[in-house]
Amino acid sequence: MTKKILEMNPDELKSSLLSGSITICVVGIGRIGLPTALSFANSGLPTIGLDINSKLVENVNSGIYPLKDEPDYDIIFDKVINEKKFFATTNIEESVSKADVVLLSLPTPMDKNNVPDYSALRSVGSQLSEYLQEGSLVIVESTIEPGFVENELISIIENSKNRLTVEKNFGIGVCPETANPGEIMIDFTKLPRLVAGINEKISQLIYEIYHYVFPVELIRMPNCKTANAVKLTTNVFRDVNIAFVNELSLLFEKLGIDTMTVLKAAQSKYNFQVHYPGAGVGGPCLPVNSYQLLNSAKKLGGSLKIVESGRKINEFMPQHVIDLTLDALKEKNLKPNESTILLLGISYKPNVKDIQLSPANDIVEKLKNLNINIKIFDPYYKSEKIYDLVCETNYEDILYSVDALILVTGHNEFKKIDPNFLSSKMKNPIVIDTRGILNLDEVKKSNLIFRGLGRGFT
């Protein structure tokens, strides 16, 4: 029998949290959901991880930590598994029916038309209408459009059976996740979090739950839609500013100006927030979040011209990488369809194993359209088949067969690369640096045919 949290006052809830008698179910134990579940379990609360990925569930229950690129949580994982504070399942009835609190950490990707896809949330919402216990709380951590909870999710959970009624016998609110992949432990212990509920009491209950688990500042928001708006605003702000720097980098290339030098000096002004150019913007957040806001505006008959322009610029950058590559091949009198090109890095960001919406995908597809022979290397995907290509185990061993090398992702491993080493080992010493990794002074001393995105030097 569940604890009927909705009927508790804050002091009663605190007492139940301290006694470890509140059961948590985290729906979706992926990149963010699993560390979230482990955090709750590590605080002493019995926690269930629910996921449709049966292999993931099997591995977790076998004591296999799946997030090898997410430091520190491996220790917590071993601890809570051994203490039997956490287990995973694919059975939603088994897990939700036992839970006092149900956290939704589900993906909200885009469809082929760049429209946000909330099918996972809708599907789980309809099942919650069947299995959620009266008095329980639902907390949405997924990134969603402002108003999705109020205008859609609540009615899905209530359904037409009238078994559940929001505020009367179940509560709902949000606590949008803000963690940065690869640094989740740090962010979970330092970054403030937003909490909001469908009413003041529910908001307070959610506050008490997160206050018990996470040692960070909790910011109370007036309602769910405002909290979700804040999350989108912070990420879209980054997407737009990256687009601004990307557009500047295209100009600075033509002017013979090194964008990295400009940005370094610009940081001397106290209120300048630096963003860096690159091959594009990927991952499950920034591109999706921009389209979520654009979708919200479209529903209301409006538009967000700056956000839309930013997306177009960032989505153009893979093509610019191709243009730089073709220009370098031409300098060497090499035909694209007779060339072999090596991509270093396919993750969407440095030092994580994640290719969601990675610019590398677009670059690979464009190279394939040119009938170029492609090789890929990423330290997180050795020997794995990605983009219908088998990732090399050691890129240094194949440099002798490579006509051009494109640095796509700024993994730490690549920051140690010596331009002279590349020029001495490559079949043709052509390098396209999309992340400003290589030192220009060292490049100039080498024999590389070099193209640097935004570097103003060839």
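Data for the structure
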quantity	calculated
Evaluation of residue 441 against (1) touching a residue at least 12 places away in the same chain (Cβ under 8 Å); (2) closer than 27 Å to residue 262 by Cβ (one fails), failing number	(1)
Of the criteria (1) in a helix (DSSP H, G or I); (2) within 22 Å of residue 202 (Cβ to Cβ); (3) not small (Gly, Ala, Ser), which one residue 26 fails	(1)
Yes/no for residue 150 being over 22 Å from the mean Cα position of the chain (by Cα), under 21 Å from residue 293 (Cβ atoms), of a type outside the set (Phe, Trp, Tyr) and surrounded by fewer than 20 Cβ atoms within 10 Å (Cβ to Cβ)	yes
Residues located in region 358-373, provided they are in a helix (DSSP H, G or I) and more than 18 Å from residue 348 (Cβ to Cβ)	368, 369
Filtered residues of region 73-93 (kept if surrounded by 14 or more Cβ atoms within 10 Å (Cβ to Cβ) and not hydroxyl-bearing (Ser, Thr, Tyr))	74, 76, 77, 79, 80, 81, 85, 86, 87, 88, 92
Members of region 249-282 found to be hydrophobic (A, V, I, L, M, F, W, C), touching a helix residue (DSSP H, G or I) at 6+ places or on another chain (Cβ under 6 Å) and more than 11 Å from residue 453 (Cα to Cα), listed by number	272, 274, 281
Selection within region 190-207 - assigned to a helix (DSSP H, G or I) and under 21 Å from residue 35 (Cα atoms)	190, 206, 207
Those residues of region 208-232 which are part of a loop (DSSP other than H, G, I, E, B) and surrounded by fewer than 16 Cβ atoms within 10 Å (Cβ to Cβ), in sequence order	215, 217, 222
Some residue of region 174-191 being over 24 Å from the mean Cα position of the chain (by Cα) and β-branched (Val, Ile, Thr)	no
Residues (farther than 15 Å from residue 92 by Cβ and either more than 17 Å from the chain's Cα centre (by Cα) or of a type in the set (Lys, Arg) (or both)) located in region 25-36	31
Residues of region 28-58 satisfying the condition of being hydroxyl-bearing (Ser, Thr, Tyr) and either more than 16 Å from residue 214 (Cα to Cα) or crowded, with 24+ Cβ neighbours inside 10 Å (or both)	36, 47, 54
Selection from region 152-189 of residues that are over 22 Å from residue 30 (Cβ atoms), in a loop (DSSP other than H, G, I, E, B) and in contact (Cβ under 8 Å) with a residue 12 or more places away in the chain	159, 161, 163, 164, 167, 169
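Conditions (1) in a loop (DSSP other than H, G, I, E, B); (2) under 23 Å from the mean Cα position of the chain (by Cα), marked per residue:
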position	(1), (2)
238	no, yes
249	no, no
262	no, no
272	yes, no
275	yes, yes
279	yes, yes
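Every read-out reported here was derived from the displayed coordinates using simple, explicitly stated rules and does not represent laboratory data. Computed from a predicted structure; not experimentally measured. So basically every Cβ, Gly included, is an ideal-geometry build from the backbone, and we count neighbours across all protein chains shown.
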